[in-house]
Amino acid sequence: MTFDIDHKAADGAGTILLLGAGRMGGAMLRGWLAQGVPASAISVADPSPAPDLVELAARTGVRLNPADGAPVDTAPVDTLVVAVKPQMVESAAAGVQAVLAPHTLVLSIMAGKTLADLRRLFPAAGSVVRAMPNLPAAVGRGATVAVAEAGCPAERRERAASLLTAVGSLEWLADEALVDAATALSGSGPAYVFYLVECLTRAGVEVGLPADVSERLARATVEGAGALMGATGQPAAELRAGVTSPGGTTAAGLSKLMADDHLQSLLNATLRAAAQRAAELGGTGPKA
Ligand SMILES: NC(=O)C1=CN([C@@H]2O[C@H](COP(=O)(O)OP(=O)(O)OC[C@H]3O[C@@H](n4cnc5c(N)ncnc54)[C@H](O)[C@@H]3O)[C@@H](O)[C@H]2O)C=CC1
Ligand SMILES: O=C(O)[C@@H]1CCC=N1
């Protein structure tokens, strides 16, 4: 993994317990280490650590499950980062109550779980922050939104910001009601883009390309288009116009893609379904 952008170093974060170090928790852990958080300040609790996490812990000195999968510590921590599945948190939270203290910040990245849920799950914590990053955090390019509990001291907001910006950009939201909508867009969004690549690949085969060539071209096209958008900062509609020669091939293709606003309606329904699911995952949530 490489982190090629220069974010504010996530130092000064104090001690951190990472609860759950799968795809997202693991990505954040790597970001913190890359940004200079000392490994000695970080503990990880995960009953089923992936081999690369075990290797990372051994190589860096991050403490991983020293007590047989039980919470790493019972001493209070400065920050508890909750990165387990929302369906798992009720049982996971029970094991870490002893690390909570009035100075502890709980920083959750779980879909759907609200500030009120976090306050119920971690009653002895000083403050709670709810965030929603996305998977490009694994390469330092995550897009994260966050909302803090009312009264959260500036120092703890800054601590949360420091940990979140170690893996990409951050927008604070004033209204918690917007977090489920952002989850539907940017949290889940990378999956929509990957599915676009899958569909483009199949469509390329349909017009005659060998499958391997089609896949390479689809991947390179999405990577290149994203990089161009990032490098220029131009509006997407302007960039689209730049590809679309009057009477040319792109206009012919877009006449299908944009017909009757089909794609727009489909994406509206897609985000509505994802936001609705986020809402369902809140509270005590469904079991599956
Ligand atoms: N995958 C994604 O793109 C994103 C995920 N999220 C959120 O991040 C959280 C984690 O998702 P992923 O990393 O995708 O899941 P994952 O399944 O890759 O990781 C979850 C980890 O939690 C561990 N775990 C299970 N029970 C535990 C317990 N009792 N104590 C400690 N660890 C435990 C598992 O062993 C696993 O390593 C979820 O709440 C999800 O909503 C947020 C943004 C994006
Ligand atoms: O699918 C999910 O529930 C999680 C949250 C956002 C991305 N992955």
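Listing for the model above:
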| quantity | calculated |
| --- | --- |
| Residue in region 164-173 that is crowded, with 18+ Cβ neighbours inside 10 Å, among the aromatic types (Phe, Trp, Tyr) and either modelled with pLDDT of 95 or more or part of a loop (DSSP other than H, G, I, E, B) (or both) present | no |
| Criterion violated by Ala138 - all others in (1) more than 16 Å from ligand 2 (Cβ to nearest atom); (2) closer than 19 Å to Leu53 by Cβ satisfied | (1) |
| Failed item, numbered, when Gly151 is tested on (1) touching a residue at least 24 places away in the same chain (Cβ under 8 Å); (2) assigned to a helix (DSSP H, G or I); (3) of a type in the set (Gly, Ala, Ser) | (2) |
| Candidates Arg141, Arg130, Arg157, filtered to the one that is surrounded by fewer than 23 Cβ atoms within 10 Å (Cβ to Cβ) and free of Cβ contacts under 8 Å to residues at least 60 places away in the same chain | Arg157 |
| Lone qualifier among Ser214, Ser186 - being away from ligand 2 (no atom under 16 Å from the Cβ) and hydroxyl-bearing (Ser, Thr, Tyr) | Ser214 |
| Within region 31-45, considering residues that are in contact with a helix residue (DSSP H, G or I) (Cβ under 8 Å, 6 or more places away or on another chain) and either surrounded by fewer than 23 Cβ atoms within 10 Å (Cβ to Cβ) or not assigned by TED's automatic domain parsing to the domain that holds Ala93 (or both), the one farthest from Ala111 (Cα to Cα) | Ala39 |
| Residues located in region 21-40, provided they are in a helix (DSSP H, G or I), farther than 21 Å from Ala131 by Cα and at pLDDT below 95 | Ser40 |
| Selection status of Asp117, among the acidic types (Asp, Glu), within 16 Å of ligand 2 (Cβ to nearest atom) and open to solvent by less than 20 Å² (accessible area, probe 1.4 Å) | yes |
| Odd one out for Gly112, checked against (1) open to solvent by 10 Å² or more (accessible area, probe 1.4 Å); (2) assigned to a loop (DSSP other than H, G, I, E, B) | (1) |
| Qualifying residue in region 195-203 (condition: over 22 Å from the mean Cα position of the chain (by Cα) and open to solvent by 60 Å² or more (accessible area, probe 1.4 Å)) | yes |
| Qualifying residue in region 93-109 (condition: closer than 27 Å to Pro153 by Cα, part of a helix (DSSP H, G or I) and within 16 Å of ligand 2 (Cβ to nearest atom)) | no |
| Where a residue in region 268-284 is in contact (Cβ under 8 Å) with a residue 12 or more places away in the chain and its partner, wherever it lies, is of a type in the set (Val, Ile, Thr) and within 15 Å of ligand 1 (Cβ to nearest atom), with Cβ under 9 Å and at least six apart | Ala274/Thr183; Ala275/Thr183; Arg277/Thr183; Ala278/Val179; Ala278/Thr183; Gly282/Thr114; Gly283/Thr114 |
| Residue match in region 48-71 (condition: over 17 Å from Ala160 (Cα atoms), loosely packed, with under 14 Cβ neighbours inside 10 Å, among the charged types (D, E, K, R) and modelled with pLDDT under 95) | yes |
| Selection status of Ser214, over 30 Å from Gly282 (Cα atoms) and surrounded by 14 or more Cβ atoms within 10 Å (Cβ to Cβ) | yes |
| Residue tally, condition within 16 Å of ligand 1 (Cβ to nearest atom), in a helix (DSSP H, G or I) and either open to solvent by 70 Å² or more (accessible area, probe 1.4 Å) or at pLDDT below 95 (or both), over region 232-288 | 3 |
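Per-residue answers, yes or no, for (1) more than 16 Å from ligand 2 (Cβ to nearest atom); (2) at positive phi:
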site: Gly22; (1), (2): no, no
site: Gly26; (1), (2): no, no
site: Gly31; (1), (2): yes, no
site: Gly36; (1), (2): yes, yes
site: Ala41; (1), (2): yes, no
site: Ala45; (1), (2): yes, no
site: Val77; (1), (2): yes, no
site: Gln87; (1), (2): no, no
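The values are calculated or read from the model by the stated rules, or taken from the named source; none is laboratory data. Being a predicted model, the structure only gives us computed values, none of them experimental. Cβ: placed from backbone, ideal geometry, glycine included. Neighbour counts: every protein chain shown. We work out accessible area using only protein heavy atoms, side chains counted, and drop any ligands, DNA or RNA first. Shrake-Rupley method; radii C 1.70, N 1.55, O 1.52, S 1.80 Å.
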